[in-house]
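Below is one structure, written out as structure tokens; comments come after it.
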Amino acid sequence: MIEDIQLDAKEGMAKTLEALESSFKRLRTGRANISLLDSIEIDYYGNKTPLNQVSNISIEDAKTLAIVPWEKDNVPLIEKSIQQSDLGLQPITSGETIRVILPDLTEETRRDLIKVAKAEAENSKVSIRNQRRDANGLLKEYLNEKEISEDDLKRGEVLIQEVTDQFVESVDNLLKEKEKDLLEI
């Protein structure tokens, strides 16, 4: 029973960590990265469709992404979606190829991106702590229903805290890595 609660908490915390990693991939560094465009969707025959499902996206060089739509008619839709995104990118079209050149990051932009990364990391830590709280709440419910003893409760809380500490440390490590990546010129 305690192991099940610990396992559930661990799974939830792992999902939080995955979400943070995904969020960090969308934060722009000085290099071109295909995942930068993951959040962009176009109106494809009345449905919001991710950009990577209607085109080929590749890295041309360190600062340029190339997008080749599968259908020529989608070129203006893709351009518009990129311009309207909160990424601050301007697409350049030549024929059927759309190029997105990533501007150099200024020191101020880097600092702003680090603030965003820290906020994302803090939100992840809050989520992990909430999962710890929920797991401990379940343990207390089992104690109140006399399904576990006081000793089992204490042991369970210690196990849950150890898992929580591991995941919070992982969040901190991911943040340090992202900060280093953002400050790299």
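Bear in mind these aren't lab numbers, they're just calculated from the coordinates by the rules spelled out. Because the structure is predicted, anything quoted here is derived from the model rather than measured. Quick reminder, even Gly has a Cβ in these numbers, built from the backbone with ideal geometry, and neighbours come from all protein chains shown.
Out of the stretch 10-86, which chymotrypsin sites (Phe, Trp or Tyr not before Pro) are coil in DSSP terms and have no more than 15 other C-beta atoms within 10 Å?
Answer in residue order: Tyr45, Trp70.
Run the numbers on the stretch 34-101 and let me know its relative contact order in percent, using alpha-carbon pairs under 8 Å that are six or more apart.
27 percent
List the relative contact order of the stretch 80-185 as a percent without decimals, with contacts defined as Cα pairs under 8 Å and 6+ residues apart.
26 percent
With +1 assigned to the C-beta of every Lys and Arg and -1 to the C-beta of every Asp and Glu, and no other charges, what is the dipole magnitude of the chain about the Cα centre in debye, to the nearest 20?
Charge dipole, the chain, about its Cα centre: 580 debye, nearest 20.
Expressed as a rounded percentage, what relative contact order does the chain have, with Cα pairs under 8 Å and six or more residues apart?
After rounding, I find 27 percent.
Given charges of +1 on the Cβ of Lys and Arg and -1 on the Cβ of Asp and Glu, with all other atoms neutral, how large is the dipole of the stretch 13-59 about its Cα centre, in debye to the nearest 20?
Around 160 debye, computed over the stretch 13-59.
Once a ≥ b ≥ c are taken as the square roots of the eigenvalues of the Cα gyration tensor of the stretch 34-101, is the result rounded (a/c under 1.5), prolate (a/b larger than b/c) or oblate (a/b not larger than b/c)?
prolate
Mean 1/r over all different Cα pairs, inverted: what Kirkwood radius does the chain give, in Å?
Value: 19.2 Å, from the Cα pair sum.
Listed here are the pairs Lys25/Lys63; Lys80/Lys180; Lys15/Lys80; Lys25/Lys72; Lys10/Lys118; which of them are more than 25 Å apart at the Cα?
Those over the limit are Lys80/Lys180; Lys15/Lys80; Lys25/Lys72.
Among the GluC sites (Glu not before Pro) in the stretch 1-83, which ones are in a DSSP loop with at most 12 other Cβ atoms within 10 Å of the Cβ? Mind listing them?
Glu71
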